[in-house]
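These notes are about the structure you will find just below.
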Amino acid sequence: MAHEIGDEDIDAIFAVNLKSGFVASQEFAKKLIELERPGKIINIGSMTSFLGMYNVSAYAASKGGVLQMTKAFSNELAAKGIQVNCICPGYYKTPLTEDIIQDPEYNDFVLMRTPAMRWGEPKDLRGALIFLASPASDFVTGAPLIVDGGMLGK
């Protein structure tokens, strides 16, 4: 819960989810500008960039920050030919989620909230990544691309 999370945990979550993406985007943008080249920056947000959820307040805040960082960077870099966008996944099967997938109650909770009635798999992000990295997205910047099996549309 928000009132129980310690400073060290907050710092770690923000370092991994927000600061690392900020610094990586910043350094890549500097290099592109130095080389006078256009480019694409693709950040990873989350459905929690949009939804306030229980027991993940620091995570949600960090991912909300990723979305706002994406928008701010896009405003600053678009005139230099650099697009900055953000993919926002929903619930995905990964090594980090294996334990909660095995919890029948939590698994049912996810499936009931996801119109696709399944957990996403990393391969489900391919199309979004390819689109945002390709010339097809040359006029797309500052945008979240939600890949959540329909959860946010519900």
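Among the criteria (1) in a loop (DSSP other than H, G, I, E, B); (2) touching a Leu at 6+ places or on another chain (Cβ under 8 Å); (3) crowded, with 17+ Cβ neighbours inside 10 Å, the one M117 does not fulfil is (3).
The set of residues in the range 38-53 being in contact (Cβ under 8 Å) with a residue 12 or more places away in the chain and either aromatic (F, W, Y) or more than 11 Å from N85 (Cβ to Cβ) (or both) consists of P38, G39, S46, M47, T48, S49, F50, L51. Does the range 116-137 contain any residue that is farther than 20 Å from V23 by Cα, modelled with pLDDT under 95, out of contact with any strand residue (DSSP E or B) (no Cβ under 6 Å at 6 or more places or on another chain) and not β-branched (V, I, T)? No; the residues of the range 116-137 include none that is farther than 20 Å from V23 by Cα, modelled with pLDDT under 95, out of contact with any strand residue (DSSP E or B) (no Cβ under 6 Å at 6 or more places or on another chain) and not β-branched (V, I, T). Can you tell me how many residues within the range 54-70 are out of contact with any strand residue (DSSP E or B) (no Cβ under 8 Å at 6 or more places or on another chain), at pLDDT 95 or above and over 15 Å from V16 (Cα atoms)? Residues meeting the conditions: 1. Restricting the first member to the range 116-132 and to residues that are at positive phi, and the second to residues that are surrounded by 13 or more Cβ atoms within 10 Å (Cβ to Cβ) and assigned to a helix (DSSP H, G or I), the beta-carbon pairs closer than 6 Å and six or more apart or on different chains are M117/L111.
Could you list, in sequence order, the residues of the range 134-151 that are over 14 Å from the mean Cα position of the chain (by Cα) and within 16 Å of C88 (Cβ to Cβ)?
Residues of the range 134-151 that are over 14 Å from the mean Cα position of the chain (by Cα), as a first pass: 134-141, 149-151.
Correct list: S137, V140, T141, G149, G150, M151.
Can you find even one residue in the range 105-113 that is in contact (Cβ under 8 Å) with a residue 24 or more places away in the chain, over 22 Å from I42 (Cβ atoms) and out of contact with any Cys (no Cβ under 6 Å at 6 or more places or on another chain)? Within the range 105-113, one or more residues are in contact (Cβ under 8 Å) with a residue 24 or more places away in the chain, over 22 Å from I42 (Cβ atoms) and out of contact with any Cys (no Cβ under 6 Å at 6 or more places or on another chain).
Under the condition of being of a type outside the set (D, E, K, R) and assigned to a helix (DSSP H, G or I), which residue from the range 96-108 is surrounded by the fewest Cβ atoms within 10 Å (Cβ to Cβ)?
Filtering the range 96-108 for residues of a type outside the set (D, E, K, R) gives 96-97, 100-102, 104, 106-107.
If we keep only those that are assigned to a helix (DSSP H, G or I) too, we end up with 100-101, 104, 106-107.
Values: I100: 14, I101: 15, P104: 8, Y106: 14, N107: 14.
The selected residue is P104.
Number of residues in the range 13-56 that are within 21 Å of Y106 (Cβ to Cβ) and surrounded by fewer than 15 Cβ atoms within 10 Å (Cβ to Cβ) equals 4.
The values are calculated or read from the model by the stated rules, or taken from the named source; none is laboratory data. Just so it is clear, the model here is predicted, and its values are computed rather than measured. Reconstructed Cβ throughout: ideal geometry from the backbone, glycine too, with neighbour counts over all protein chains shown.
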